[in-house]
Amino acid sequence: MLLGLVKRRVGKMILARTTRNGLDLRTLNLLPDSVTMPLQRVGLDPMPEMAEVRDEQPVKKLADLFGMGIWLVSGYEEARGVLAAGDAFSNDLSRIVSQDGHAAKDQIGGLGMTDPPGHTVLRKLLTPEFTRKRLARMEPRIEAIVNARLDAMELAGPEVDLVAEFAFPVPFEVICELLGLPIEDRAYFHSLGAARFDLSTGGAGIFDSAGESREFLIEAVARQREHPGDGLIGGLLSEYGDQLDDVVLGGLADGVFLGGYETSASMLALGGYLLAQHPEAMEMLRQDAATADRVVEELLRHLTVVQLAFVRFPREDMEIGGQQLKAGDVVGVSLLGANRDPALTPDADTFDPTREPTRHLAFGHGLHRCVGAELARMELRIALRALAERFPDLTVAARPDELEFRKLSAVYGVEKLPVQLRDPKLASA
Ligand code: HEM
């Protein structure tokens, strides 16, 4: 019965006439500079304006667009408060993305943009797949995937692109295995994944690539309906196949697919970049699992690759951080701003794996908190420990100004990262 409710809700959401406020992200070609600051960085750091804004107004109106206030929440406590108040906000992006006349593949869906009660039911379908017990079963597979990539790098070295050889393929293969998908379309999905979070051409690029990816997953679900695979898609089909259609399941799988590799890939790439400059952190990774976990947590906090949470819309007029927000305004929560807030931990802009363990919002908080957080942690710990053990002298083989960091992406990352696997001086000694 509940599943019937989700279907009706999701269907209603998909069919709803939207753009009631006149803002349609699909057709917006350029975002005004005033709202893009939270997506820009200087290397791995937030823009200097972020600290100024956070100090002065941890909840600040950046602009009025089409009659809607666009708000930035950048203080740690304020950000956590918004994420915790799930009932007071809607995540339904179809409010600002026209759904009219768009094919199923182009509709908005997935867990992150679905409100309760649909969200509650869909999330319950996923959580059993991400328990520690299930994840422990994946551990040896992840180790094998990581070791195979390290062997391939060894053969391709001494200089390789860490993104192409390691950071992208490891989580990609893990997520394909989890969902039960073939890995042949790797290169195609790499470019699609990056485009999906890139706001530099407004909304259009995002929705084109999102449509392609959703189409692929809707088709994968349809194929597996005939011949269920042994991953998550096959499992959901065997259990709930008669109650959920291909579009709902494809949207759910798409959220897991994208959430599962682009984020972890960025963490491995930027993590590799940072570790290559911090031999003490490399040493801590090799030491033991508990010490390695501290490095991973500090990398998660410091890098905060998911810079901005899914946008939220207040359901009613409300006050937060002394500011008056109106129902239907757009609220961006800067997870990066929050995780670099000195109120959270001293000297928050410094990468310091020896700092007192601290809370952070790299996986969000509240009802939309990352469902894959424990998988991501496990993947990062296995991959980074193995990297530090195999290539302890890893160095970046490019100047910072030669690196192409993403410009306006909700998931921060770097396109390529040339690295030298072994110190040439030591290798020839
Ligand atoms: C280091 C890697 C990762 C980071 C930093 C990350 C970060 C996040 C964040 C910040 C959110 C919440 C956004 C919000 O509340 O607005 C989120 C949600 C989500 N993540 Fe992750 N994630 C990672 C890995 C993964 C993995 C491995 C998976 C799946 C295999 C995954 C699947 C999801 C899904 C499905 C959601 C939506 C949850 C919901 O709305 O209930 N993520 N992630």
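With neighbour counts taken as other beta-carbon atoms within 10 Å, the residues 240, 412 rank, fewest first, as 240, 412. The label point for residue 369 and the one for residue 120, both projected 7 Å from the Cα toward the Cβ, are 1.8 nm apart.
Measure out, as a whole number of angstrom, how far apart the alpha-carbon centroids of the stretch 263-291 and the stretch 107-153 sit. Using only Cα atoms, the two centres lie 22 Å from each other. A full extension of the chain between residue 354 and residue 85 corresponds to an added length of 93.6 nm, given 0.36 nm per residue minus the alpha carbon distance. Taking every alpha-carbon pair under 8 Å whose residues sit at least 6 apart, the stretch 289-429 reaches a relative contact order of 24 percent. Shape summary: the stretch 299-358 maps onto an equivalent ellipsoid whose semi-axes, from the alpha-carbon gyration tensor, are 29, 13, 7 Å in decreasing order. Annotation: Cα Rg of the stretch 268-332 relative to the compact-globule expectation 2.2 N^0.38 Å equals 1.76. Sorted ascending by nearby beta carbons within 10 Å, beginning with the fewest, 409, 238, 334, 34 become 238, 34, 409, 334.
All of the numbers you see were taken from the coordinates with simple rules; none came from a lab. Just so it is clear, the model here is predicted, and its values are computed rather than measured. All Cβ positions, glycine included, derive from the backbone under ideal geometry; neighbour counts span all protein chains shown.
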